1. Might you let me know whether segment D:243-250 holds any residue that is at pLDDT 95 or above and under 30 Å from D:A13 (Cβ atoms)?
2. Check D:P146 against each of (1) within 24 Å of A:L234 (Cα to Cα); (2) in a loop (DSSP other than H, G, I, E, B); (3) modelled with pLDDT of 90 or more and name the one condition it does not meet.
3. Considering only residues that are in contact (Cβ under 8 Å) with a residue 12 or more places away in the chain and of a type outside the set (G, A, S), which ones fall in segment C:64-79?
4. Taking only segment A:1-21 into account, find how many residues are of a type in the set (G, A, S) and in a loop (DSSP other than H, G, I, E, B).
5. Residues of segment D:221-242 being on the phi < 0 side of the Ramachandran plot and not in a strand (DSSP E or B), which ones?
6. Of the conditions (1) within 11 Å of another protein chain (Cβ to nearest Cβ); (2) in contact with a Cys (Cβ under 7 Å, 6 or more places away or on another chain); (3) of a type in the set (A, V, I, L, M), B:L25 satisfies every one except a single condition; which number is it?
7. Given the conditions (1) touching a residue at least 60 places away in the same chain (Cβ under 8 Å); (2) under 21 Å from the mean Cα position of the chain (by Cα), which single one is not true for D:P123?
8. Kindly provide the set of residues from segment A:200-217 that are assigned to a loop (DSSP other than H, G, I, E, B), under 21 Å from the mean Cα position of the chain (by Cα) and surrounded by fewer than 22 Cβ atoms within 10 Å (Cβ to Cβ), ordered by number.
There are 4 protein chains.
Amino acid sequence: MGLKRYSAAIIGATGYAGAEAIRLLQGHPQIEVTVATSERAAGEALRAHCPWLDADLILRAPDLATIQADVFFLCQEAGYALTHAPALAKRAKVVDLSADFRLKDPAEYTHTYGREHPGFEHPWTYGMPEVTGREAIRAAQLVANPGCFPTATLIALMPLVRAGIVQGVPIVDAKTGVSGAGRAKRETDHLLAELLDATKAYGLPRHRHEPEMEQLCGPVRFVPHLLPMSRGILATIHLDVAGPVRPVWEEAYAAEPFVRIVDAPPSTKQVRGTNRCDLFVSQTDSHATVIAVIDNLVKGAAGQAIQNANLMLGLPEAMGLPTHGVWP
Amino acid sequence: MGLKRYSAAIIGATGYAGAEAIRLLQGHPQIEVTVATSERAAGEALRAHCPWLDADLILRAPDLATIQADVFFLCQEAGYALTHAPALAKRAKVVDLSADFRLKDPAEYTHTYGREHPGFEHPWTYGMPEVTGREAIRAAQLVANPGCFPTATLIALMPLVRAGIVQGVPIVDAKTGVSGAGRAKRETDHLLAELLDATKAYGLPRHRHEPEMEQLCGPVRFVPHLLPMSRGILATIHLDVAGPVRPVWEEAYAAEPFVRIVDAPPSTKQVRGTNRCDLFVSQTDSHATVIAVIDNLVKGAAGQAIQNANLMLGLPEAMGLPTHGVWP
Amino acid sequence: MGLKRYSAAIIGATGYAGAEAIRLLQGHPQIEVTVATSERAAGEALRAHCPWLDADLILRAPDLATIQADVFFLCQEAGYALTHAPALAKRAKVVDLSADFRLKDPAEYTHTYGREHPGFEHPWTYGMPEVTGREAIRAAQLVANPGCFPTATLIALMPLVRAGIVQGVPIVDAKTGVSGAGRAKRETDHLLAELLDATKAYGLPRHRHEPEMEQLCGPVRFVPHLLPMSRGILATIHLDVAGPVRPVWEEAYAAEPFVRIVDAPPSTKQVRGTNRCDLFVSQTDSHATVIAVIDNLVKGAAGQAIQNANLMLGLPEAMGLPTHGVWP
Amino acid sequence: MGLKRYSAAIIGATGYAGAEAIRLLQGHPQIEVTVATSERAAGEALRAHCPWLDADLILRAPDLATIQADVFFLCQEAGYALTHAPALAKRAKVVDLSADFRLKDPAEYTHTYGREHPGFEHPWTYGMPEVTGREAIRAAQLVANPGCFPTATLIALMPLVRAGIVQGVPIVDAKTGVSGAGRAKRETDHLLAELLDATKAYGLPRHRHEPEMEQLCGPVRFVPHLLPMSRGILATIHLDVAGPVRPVWEEAYAAEPFVRIVDAPPSTKQVRGTNRCDLFVSQTDSHATVIAVIDNLVKGAAGQAIQNANLMLGLPEAMGLPTHGVWP
């Protein structure tokens, strides 16, 4: 008798996160993508828009009412899930990869995203297993998948916060590849000719991922930089601490399949294509330079979404998620 | 009852091809890497040298006599397999990723690689399943894994040669990422500062992959270019033909799991991390522009080696080999 | 007594070619940019849109009738010069960097650019000094500045064509950075995330620069490739010849300040920021691999435009044009 | 009567800084490169090693005693100038681009560079005109050209330090291209295949540029990152301040030709090829995010060296130094 198979619908399949979910699920033993949608390309072949995917799927319109699946991955722009996720979550597992359910405070959401939030009467949970624990995720019908910057930052910081050793306001100097901006957004800044061989800060004075971090770890100063990379986030966290960082991580993450404490400053490329978060610290007495690297499209998006889905479906949490990086 | 498991030894594990074999075998249901060797780093952890790999392997010295495995992947510099492969092939399956057994003619080998070839009294075969067929590979103890440029070129050209429609001498204008040069070779030309945002031809007047191609497809004019890419090969083949190209491919490759005929000029990135070869043709009467893309480290090295090993071990040919690309 | 000063107006100053003209003219002893225009940003500071330029110019609307200058550089999309250049050329020197006056045959223009051409009753000339000679340029009021691909290709090919040694149809396999597509065009293909670490062919079956080449050199087969570079063109020309290439070049270009015959395959980066075209040939009997590299924004656009303007104004042809490349 | 001409000798001409000095001096009205040396390539043409340079210079051995020039640019590895600069400075102006004379404290030098310093009995000065003033430079025979990281950092920080508004220890999170490591150093880390599409921190816990900064600005916490760029430094300085930053800069730098205060987060590319330092600040009450960008090979090396040489020779400080960037 074979393993039980679950069907997955990727809502917004031609963007980077949606397509990455399809790629990752190719290697998943128990979840199969049966539906892929696109608003603009319904009726066309997925591979016409994503030639890197070797799937025979024909894109469907996102008429959610007509789509059956065990789990839905919502990979749309912010605002979409606000409208559709609550109803959908009554009949299927839903992981929302947008920012719609990341903030607990509706006023903060409105302030950050410039849009009213219908409120939070329906149950949902924020799903970053290493930080939030698994219990609520396993029980949830609707999980908010965290942002990429918060994922790298909180995995590094939260054990330190909980151990009570963080002093003052940590500075999070983050470096990201451009795929975080999405595939549909075609800003001049994201053209190869503009960004190749160059870097710049952006999002100042307050990037919209800052409140998402702060609701868990307290105040930080967050400055993101755009790098000439397609994927990857490196968060350098400068902070004062009341004790050694590494033992705190070692205790917190001893059993985690996707967190690794490394002995040399990690490259973003060493986690490329994986669901890992590699952590490094260089500490001199009370000052620590903490570094976390993730692949923004895997642990920072589609991979963590599958990790959450595994928990929601009662599967082994790490199932189907690569931990060997694609290098060079 | 579980599936039968085979053990694999990666000889030369810290180079690009060896490490890529380890990465790919992470997802293989029936082959497990049990030994990884390094001449210079024996006794050290694999992940100290390849931090992208999440394996607990300790590198061993390449004392082949003491190493037991069902299949050996030889990922050493040219010359190594000449000495070691024949004896090894008496007790295990061997796939050699170097150039040592690619040329049938010892004199041509000596001319190309500047080294005597001890001769070819031991049996071996050249393994490019789509081109050479599977029979000899399935029966072989020692398989020569093809070069990256020949793989892209021959998959595109050989059906046309066999169909008798090639006229004159095809021109193969190839573009490659730098990982083809290997990780140990540290030429000024390969420094990021020299090559970023730049391209140049190299290997003129006669690159050493040219005889490997020509022994199968006849004379070609081959001009490789180094591109600011880490991975990927795009071969643009300009040729005169006596009939339409696409139907010939469609017939030859109808059942191939790793060859895809595409409708738009393919990007090298759409096969990144996969064992695919995507083919495209733009034809005007008797002149055709034929394009083939592969990942030089997968279909051009470690992936094709696993494909060959699958055949040698009696496993399904495509087992464990990704076909969805890593994009962006 | 100082040197005579000429004023220049850059029409379309915030695009790559217009801005590059401003950059290059910073070092020009006798031409000064006094006017820079932009349709969309009139009234704003040039440096707000082009922060790499250290000029205090305020962008003006392109109301040509109100703009006085000795020489106008038209850096607008195709179509603009058709309407404006003839009248303007009655009162000032005009160099048009668009494709509007590159083709001699109005029907070919219409076929290629999908737009009617009002005809060619006004005098103009195609200005590629090394190929067309200087006489007509010196006498012209309106010069059509050549396309980037034709510049690299024709400088390499025309001496061979004129020497009568070209046999058959040359194949021009060209590699280009993305800035050739312009700054205003924001295609998905040009996003860094899509193109970094990747390459693809485009423009098949017939790129619009092909007729521009063919009106001078006869039939060619032209296949351009988009590379992950911001600047630079490398044209690899595969051709059969009836005699040695290099002596023909040496004779043709002995006195040229911007053409250099080099002994090793040139990198696009070695001409970066310069008005040079470096040529290389690898020849075996009757087959030659010819390589030409230029900076598409300098010799392929703004630099050649200044070279033409120098001639039109009676200045030394090479005045103000760099020949040392920006490396790395 | 023409302008007086000065001769320059570039000692170590085939490295990045030496070659860049040659490039920049092509546009200099009064300094001409007459000698270029190389230890390993003496007797060969400069352009065989630096094909981007269009000079006819033949490389000479660095036999300083036989070389006559008005100004020497020493572009050798650390240690060379220790031995040769003092004697040379008795007969010519000398700008040393290495670290040999950057630190005032011989013990700190030995601690940082692992080499004895023969002491400082000969007069020399540290030359960063915007920070150190011009008086000592104008009078000096031997000027120590600052490091690239200290240049970006100190131009941003020193006015704030002098105004007494810096509170606590600033954090300098720096991002650099790889050319800072030099052309001769061929580390695996600097191979394109390793670094493309990736970033990592390095130099922890204490990079050797840190004491150079600290002798001027007091304690900082400095963490450099290697980016997939050939050129450029972006220093993000996180600090607490007792008052507004921007007015302090505006007063300090009102008359500086190479310092520009900009209104949007600057890209490293906007200063590419120029001698500029662009400054930006985003401030919220007592916390400031300060950003400085320079081209590490121009303002961070060869350009600042020419700026110093201009002062030493009594020429206008900005002579021959570009301020328009090379973009894209």
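1. So in segment D:243-250, the residues at pLDDT 95 or above come out as D:243-250.
If we keep only those that are under 30 Å from D:A13 (Cβ atoms) too, we end up with none.
No, segment D:243-250 contains no residue that is at pLDDT 95 or above and under 30 Å from D:A13 (Cβ atoms).
2. D:P146 satisfies every listed condition except (1).
3. Going residue by residue through segment C:64-79, those that are in contact (Cβ under 8 Å) with a residue 12 or more places away in the chain are C:64, C:67-79.
C:L64, C:I67, C:Q68, C:D70, C:V71, C:F72, C:F73, C:L74, C:C75, C:Q76, C:E77 - these are the residues of segment C:64-79 that are in contact (Cβ under 8 Å) with a residue 12 or more places away in the chain and of a type outside the set (G, A, S).
4. Initially, segment A:1-21 is screened for residues of a type in the set (G, A, S), giving A:2, A:7-9, A:12-13, A:15, A:17-19, A:21.
Now restrict to residues that are in a loop (DSSP other than H, G, I, E, B): A:2, A:12-13, A:15.
Number of matching residues: 4.
5. Of all residues in segment D:221-242, those on the phi < 0 side of the Ramachandran plot come to D:221-231, D:233-242.
Passing the criteria: D:L227, D:P228, D:M229, D:S230, D:R231, D:A242.
6. (2)
7. (1)
8. First, the residues of segment A:200-217 that are assigned to a loop (DSSP other than H, G, I, E, B): A:202-209.
The next check asks that each one be under 21 Å from the mean Cα position of the chain (by Cα); those that pass are A:202-203, A:206-209.
A:Y202, A:G203, A:R206, A:H207, A:R208 - these are the residues of segment A:200-217 that are assigned to a loop (DSSP other than H, G, I, E, B), under 21 Å from the mean Cα position of the chain (by Cα) and surrounded by fewer than 22 Cβ atoms within 10 Å (Cβ to Cβ).
The values are calculated or read from the model by the stated rules, or taken from the named source; none is laboratory data. Note that the structure is predicted; figures quoted are calculated from it, not measured. Backbone-built Cβ (ideal geometry, glycine too); neighbour counts: all protein chains shown.
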